[in-house]
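Chemist: Here it is: the structure, laid out below.
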Amino acid sequence: MKIDPNLILLVISSNEPVNPAVRTIGIILASILFALLFLVFPIMLISEWLGMVPARKIRARYRMYLGEFPIYNQLNPKDKIRFEKRVQTFINQKKFIPRSKGLVIDDRKKCMIAGTAVELTFGLGKFNFDHFKTILIYSDNYYSQISKQYHQGEVNIRGLIVLSWSNFEKGNSDRRDGVNLGVHEIAHALKLENKIVNRNYNFIDPQDYRAFEECFQTFSSGYGGGQGFLRDYGKTNIHEFFAVCCENFIERPREFKRKAPDIYMIITRILNQDPATYH
Ligand SMILES: [Zn+2]
């Protein structure tokens with residue numbers, strides 16, 4: 001290519017002093033760009049990774065397992081994304097610890113536990129089980145030194161959710177029988193959050209809770225709705241009743257609504273969602 005020497009001369013001679021206002025704007029823009037690249041973006045990424053802020057999207061390696069949740073499959077595309085973000089946030093914020101020799105906490109285990117927590121609380125805005133930071137996982141039934149018995153799972157007020165993986169999987173193997181260990185234990189954690197003073201404190205409307213207590217009194221005395229549908233273990237105390245109701249609410253909402261409409265409606269108010277209306 002041939003270059004005109006006159007043109008080079010013109011370019012060199014155009015090296016005039018820069019307008020101070022233009023220079024100031026340039027410096028400001030460069031500073032903003034520098035701050036975004038080296039301060040703001042890295043801080044955002046680290047905060048998200050540490051679970052200090054909600055996740056902006058789910059990682060593909062977790063998303064691939066969400067199809068195992070019937071409720072997720074029934075959501076519209078916008079709600080699906082909301083569900084995904086909450087699953088990723090839960091995973092970022094919790095510590096998953098294996099308690100049995102050889103047990104590996106893989107992506108699917110994390111996603112299945114997080115998805116169970118999200119499906120139960122999907123109607124509750126920013127609910128993320130702030131008090132429960134650690135999930136302990138055993139391979140199978142485990143022996144509790146406190147109760148001197150074998151357990152399938154439990155929730156500890158110190159901020160622990162304990163699960164046995166074989167029973168968690170068994171609960172998910174039939175999503176229509178109203179028995180689901182994962183939902184059961186997460187429901188206990190949810191109910192405890194209502195009593196712990198944090199941002200989820202008292203999320204249950206006292207009037208709804210009183211109505212729920214009345215349902216428990218009727219159910220545990222052998223009368224009222226739910227007899228023969230909700231398993232009798234729910235008669236143990238109000239906490240077990242709530243957990244049993246949640247299992248049925250998630251696994252067979254339409255049947256629950258038909259068989260025990262009063263109890264079902266209270267649970268829809270407490271959890272602010274109605275899975276019986278999902279497609
Ligand atoms: Zn229980």
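Chemist: Would you kindly state how much longer the chain becomes between K78 and V40 on full extension, computed as 0.36 nm times their sequence separation minus their alpha carbon distance, in nm to one decimal?
Modeler: 10.9 nm
Chemist: Which value, in debye to the nearest 20, gives the size of the charge dipole of the chain about its Cα centre, when Lys and Arg are +1 and Asp and Glu are -1 at the Cβ?
Modeler: In debye, rounded to 20, the chain gives about 440.
Chemist: OK, next. Once the Cα atoms of helix 261-271 and of the chain are each reduced to a long axis, what angle between those two axes, in degrees from 0 to 90 to the nearest 10, is obtained?
Modeler: Helix 261-271 and the main axis of the chain meet at about 30 degrees.
Chemist: Another one. Tabulate in residue order the Karplus-calculated ³J(HN,Hα) for segment 54-64, using 6.51 cos²θ - 1.76 cosθ + 1.60 with θ = phi - 60°, rounded to whole Hz; enter x for Gly and Pro.
Modeler: Rounded to whole hertz, the list is x, 5, 8, 7, 8, 7, 4, 5, 9, 4, 4.
Chemist: For the chain, find the longest principal axis of its Cα atoms and tell me its angle to the long axis of helix 238-251, 0 to 90°, nearest 10.
Modeler: Long axis of 238-251 versus the principal axis of the chain: about 60 degrees.
Chemist: Right, another one. As an exercise, use a Förster radius of 45 Å and the Cβ-Cβ distance of D130 and L33 to find the FRET efficiency, rounded to the nearest 0.05.
Modeler: Result of the calculation: an efficiency of 0.80.
Chemist: So what J values fall out for segment 151-157 if you push phi through Karplus, 6.51 cos²θ - 1.76 cosθ + 1.60 with θ = phi - 60°, rounded to Hz, Gly and Pro as x?
Modeler: 10, 9, x, 6, 10, 10, 4
Chemist: While we're looking at this one, here's another question. Of the residues I267, I71, I157, which exhibits the maximal mean-square fluctuation in a Gaussian network model of the chain defined by a 10 Å Cα contact cut-off?
Modeler: The residue that fluctuates most here is I157.
Chemist: Separate question: Return the FRET efficiency for the residue pair I105, N194: r is the Cβ-Cβ distance, R0 is 22 Å, and the value is rounded to the nearest 0.05.
Modeler: 0.20
Chemist: Does anyone have the angle between helix 107-121 and the longest principal axis of the chain? Alpha-carbon axes, 0 to 90°, nearest 10?
Modeler: Around 70 degrees separate the two axes.
Chemist: Now a separate question. Can you give the FRET efficiency to the nearest 0.05 for V22 and K85, using r as the Cβ-Cβ distance and R₀ = 51 Å?
Modeler: Here the calculated transfer efficiency is 0.75.
Chemist: How much length is gained if the chain between Q227 and R210 is pulled fully straight, taking 0.36 nm per residue apart and subtracting their Cα-Cα distance, in nm to one decimal?
Modeler: Here the answer is 4.1 nm.
Chemist: Kirkwood hydrodynamic radius, the chain, all distinct C-alpha pairs: what's the number in Å?
Modeler: 21.7 Å
Chemist: Which value at 222 nm does the chain reach when only helices count, each DSSP H run of 4 or more adding -39,500 (n - 2.57), with the total divided by all residues and rounded to the nearest 500 deg cm²/dmol?
Modeler: Calculated at 222 nm, the ellipticity per residue is -15500 deg cm²/dmol.
Chemist: Below 22 Å, Cα to Cα, which lysines can K235 reach? Residues fewer than 8 away in the same chain don't count.
Modeler: Those lysines meeting the cut-off are K191, K195, K257, K259.
Read-outs: derived from the displayed coordinates by stated rules, not from any lab. A quick note: this is a predicted structure, and the numbers were derived from the prediction, not measured. Glycine also receives a Cβ, built like all others from the backbone with ideal geometry; neighbour counts cover every protein chain displayed.
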